[in-house]
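Read-outs: derived from the displayed coordinates by stated rules, not from any lab. Because the structure is predicted, anything quoted here is derived from the model rather than measured. For neighbour counting, all protein chains shown are included, and Cβ atoms are generated from backbone atoms with ideal geometry for every residue, glycine included.
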Amino acid sequence: MIKMLFSDMDGTIIDFNEMKHEHDKEMLEELKKQGHLIAFNTGRNFQEAYYCIDRHHFPYDYLILNNGAHIVNKEGKELFKKIIPQHVGRKIIEYAMNFTNLFVFFYDGKRTLGHCNGQTYEHSSGGNREIHDVCFQEAYLQVDEFDIIAVHQVDEGDRDILKIQKYIQDNFSQYAVGTLNTHYLDITASGCSKGTGITVLKELLNEKVETYCIGDSFNDISMFEVSDHAYTFQHVSSTIYQHADKKVNYVYDVIDDMLGGKRE
């Protein structure tokens with residue numbers, strides 16, 4: 001039977017856009033060589049995910065993006081997409097902008113723009129850079145639809161992002177959902193998660209595959225719940241680990257299991 005690896009990106013195979021371990025890439029290549037499939041399952045949008053994949057030359061077959069709301073294959077063909085309607089995205093952004101010391105981000109089709117304390121930022125691999133060629137308050141009004149919105153407190157706490165999560169749940173649950181992701185709240189189309197992304201992709205493939213997944217954060221729990229074999233890391237909290245089957249140190253440990261080198 002074909003096996004398929006679903007790997008989170010940030011905190012799992014990369015940290016701050018740098019590869020966590022060179023052997024992860026080597027084992028990904030070996031997994032492909034033996035005829036199995038690889039999907040990166042991430043909260044990133046296409047531009048952000050592809051930047052890292054291309055930079056490190058990671059092999060892959062599919063990308064599950066925006067926490068399950070967007071799926072593309074390695075040729076860039078769109079297989080599935082679900083969006084946040086314009087009017088809902090605007091309301092969420094406007095509510096989030098009421099908080100001080102809180103970043104709110106959205107992707108405008110070309111770049112990821114951010115707002116914090118009245119200033120406009122561009123989010124890229126180098127972090128958040130203040131910019132003046134575009135105004136966030138004008139830019140979000142020009143977007144026809146939103147694929148993902150993210151909010152992040154400067155102090156990396158969760159007091160305000162939990163308020164935003166509740167606001168979405170109370171007012172727009174049929175359109176959007178807020179999912180905690182370490183220090184961020186990822187806001188995507190309702191009914192979407194990393195877990196639904198796996199389910200949708202399996203249905204699209206229309207063939208039986210044995211699924212393995214690995215992740216390190218709260219938004220990975222939905223992956224754990226639908227995969228045949230769920231992995232997380234030694235360092236994660238028990239609130240995450242309790243949903244997984246096994247703890248490892250690196251992605252290559254999972255692939256080692258997939259290829260027959262079971263470690264208990």
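Brief remarks follow.
- Spin-label model, GLN137 to LYS33: label points 7 Å out along the Cα-to-beta-carbon direction sit 5.7 nm apart.
- Taking the C-alpha atoms only, the angle from helix 159-172 to the longest principal axis of the chain is near 90 degrees.
- Qualifying GluC sites (Glu not before Pro) in region 40-113, DSSP loop, other Cβ atoms within 10 Å at most 15: GLU75
- Cα gyration tensor, region 30-74 - rounded (a/c under 1.5), prolate or oblate: oblate
- Inter-label distance, nm, simple model (7 Å from Cα along the C-beta direction), LYS163/HIS23: 4.7 nm
- Calculated from backbone phi, Karplus (6.51, -1.76, 1.60) coupling profile of region 40-54 in Hz, x at Gly/Pro: 8, 10, 9, x, 5, 7, 4, 4, 5, 5, 5, 3, 6, 5, 5
- Classification of region 91-157 by its C-alpha gyration tensor yields a rounded form. The axis ratio a/c (a ≥ b ≥ c) stays under 1.5.
- Eigen-decomposition of the gyration tensor built on the alpha-carbon atoms of region 31-138 gives equivalent ellipsoid semi-axes of 31, 16, 11 angstrom, largest listed first.
- Computed log10 I(q)/I(0) for the chain at 0.11, 0.12 Å⁻¹: -0.59, -0.70, from the Debye equation with unit scatterers placed on every C-alpha and solvent omitted.
- Segment ASP155..SER124, full-extension length gain: 9.2 nm, with 0.36 nm per residue of separation and the alpha-carbon distance subtracted.
- Each peptide among 228-241, 7-20 gets the average number of other Cβ atoms lying within 10 Å of its residues, and from highest to lowest they stand as 7-20, 228-241.
- Low-density loop cleavage sites - trypsin sites (Lys or Arg not before Pro) in region 219-264, where at most 10 other Cβ are within 10 Å (DSSP): LYS262, ARG263
- Charge context of ASN101, other residues only, Cβ under 9 angstrom, K/R +1, D/E -1: -2
- Rounded to the nearest 5, the antiparallel percentage of DSSP beta bridges internal to region 121-264 is 70%.
- Protection-proxy order for peptides 166-174, 84-92, 111-119, each taking the mean of Cβ atoms within 10 Å per residue, highest first: 84-92, 111-119, 166-174
- For region 240-247, Karplus couplings with θ = phi - 60° (6.51, -1.76, 1.60), whole Hz, Gly/Pro x: 8, 4, 4, 8, 9, 8, 7, 10
- Overall, the chain carries a charge dipole of about 420 debye about its Cα centre when +1 sits on the Cβ of Lys and Arg and -1 on the Cβ of Asp and Glu, all other atoms neutral.
- Note on the chain: antiparallel DSSP beta bridges, both residues inside, total approximately 65 percent of the bridges counted.
- Placed amide H near ILE14: partners under 5 Å, 5+ positions off or other chain: LYS20
- Footprinting exposure proxy for SER190, SER222 (fewest neighbouring C-beta atoms within 10 Å first): SER190, SER222
- Sequence-ordered 3J(HN,Hα) estimates for region 214-219 from the Karplus curve with 6.51, -1.76 and 1.60 and θ = phi - 60° stand at 8, x, 10, 10, 4, 6 Hz, glycine and proline given as x.
- R0 of 30 Å, Cβ-Cβ distance GLN47-ASN249: FRET efficiency to nearest 0.05: 0.50
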